[in-house]
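Worksheet: one structure, shown below.
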Amino acid sequence: MQAAALLHLLQLSSPSLPVGAYSYSQGLEAALQSGLVSDPASARRWIVDALHQVMARFEAPVLWRLLKAFSARDGDAVAHWNEQFIAARDTAELRAETIQMGYSLTKLVESLELGDAPLLALLQQQDEVPFPTALAFAAVALDVPHQETLLGMLFSWAENQVLVCVKSVPLGQVAGQRLLLSLRGELELAAASASTIGDAELCNWCPSLSLLSMRHEVQYSRLYRS
């Protein structure tokens, strides 16, 4: 990667990116509440399962397609995958999460004046913008390579999951970093799969996660919004 592209990727993947990712656990808090996650081993198992069963089979492949669509200035493809991603959110919390993060990132890229007018128009034409759509736009506007964008998104997701575990299992800081380091090979596999999976293979079917997300919506005491 060119130095400029690497720096842009680091900025897009940073936990300081003001999109509110830290306020969501994506069902992990409900898993903690129910006892499914209670120690480093179960935390790693949860993250790896979610990575390969959800992120690598739907979230990341849709991001890959949005990256291709924005690069080609293909408005129909952008609109199609934007709608597909929103439609695949199967709980109110998960839908609200991606729309809020997408809205925040859209406002940020507009304020930073990223991208040329035709590219920005593709983003602004969407009625609602989920996070992968806004991220794909930002990556293309900043000339970040597609494969590296996938890795950056997956690492950022995994880092947030680990931080939830550090705060809520709880895990120590060293244990959290050990867990994050152990995910390198899994993240590489997920990114490679996401860039090659066919449209007919896309699937976000994970009923246990959906049920945990719905439980979280009525959970009495909680720190996270999903």
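In this simple spin-label model, placing a label point 7 Å from the Cα along the Cα-to-Cβ direction at both residue 10 and residue 112 gives a separation of 1.4 nm. Applying the Karplus relation 6.51 cos²θ - 1.76 cosθ + 1.60 with θ = phi - 60° to segment 130-136 yields 3J(HN,Hα) values of x, 4, x, 5, 5, 5, 4 Hz, where x marks Gly and Pro.
Its convex hull of Cα atoms gives the chain a direction-averaged projected area, equal to a quarter of the hull surface, of 11.7 nm².
The simple spin-label model puts a point 7 Å past each Cα toward its Cβ; for residue 80 and residue 178 those points are separated by 4.7 nm.
In order along segment 173-184, the phi-based Karplus estimate (6.51 cos²θ - 1.76 cosθ + 1.60, θ = phi - 60°) of 3J(HN,Hα) comes to 4, 5, 4, x, 5, 5, 5, 4, 5, 5, 8, 3 Hz; Gly and Pro are listed as x. Remark: relative contact order (the chain) = 40 percent; criterion is Cα-Cα distance under 8 angstrom and separation of 6 or more residues. Amide H contacts for residue 37 (H built 1.01 Å from N in the peptide plane; partners 5 or more residues away or on another chain; cut-off under 5 Å): 32. Most mobile of 191, 175, 79 per a Gaussian network model of the chain (Cα springs, under 10 Å)? Maximum among the listed residues: 175. Most fluctuating residue of 189, 151, 181 in a GNM of the chain with Cα springs under 10 Å: which is it? Highest fluctuation of the listed residues: 181. Per-residue Karplus couplings for segment 214-226, computed as 6.51 cos²θ - 1.76 cosθ + 1.60 with θ equal to phi - 60°, are listed in order as 5, 4, 5, 4, 10, 5, 5, 10, 7, 9, 10, 8, 8 Hz, Gly and Pro entered as x. From its DSSP helices (H runs of at least four residues, each -39,500 (n - 2.57)), the chain gives a residue-normalised ellipticity at 222 nm of -20500 deg cm²/dmol.
Each residue, residue 42 and residue 22, gets one label point 7 Å from its Cα in the Cβ direction; the gap between the two is 2.7 nm.
Rule-based calculations on the coordinates, nothing more; no lab input. Predicted, not measured: the structure shown is a model, and the values here were computed from it. So basically every Cβ, Gly included, is an ideal-geometry build from the backbone, and we count neighbours across all protein chains shown.
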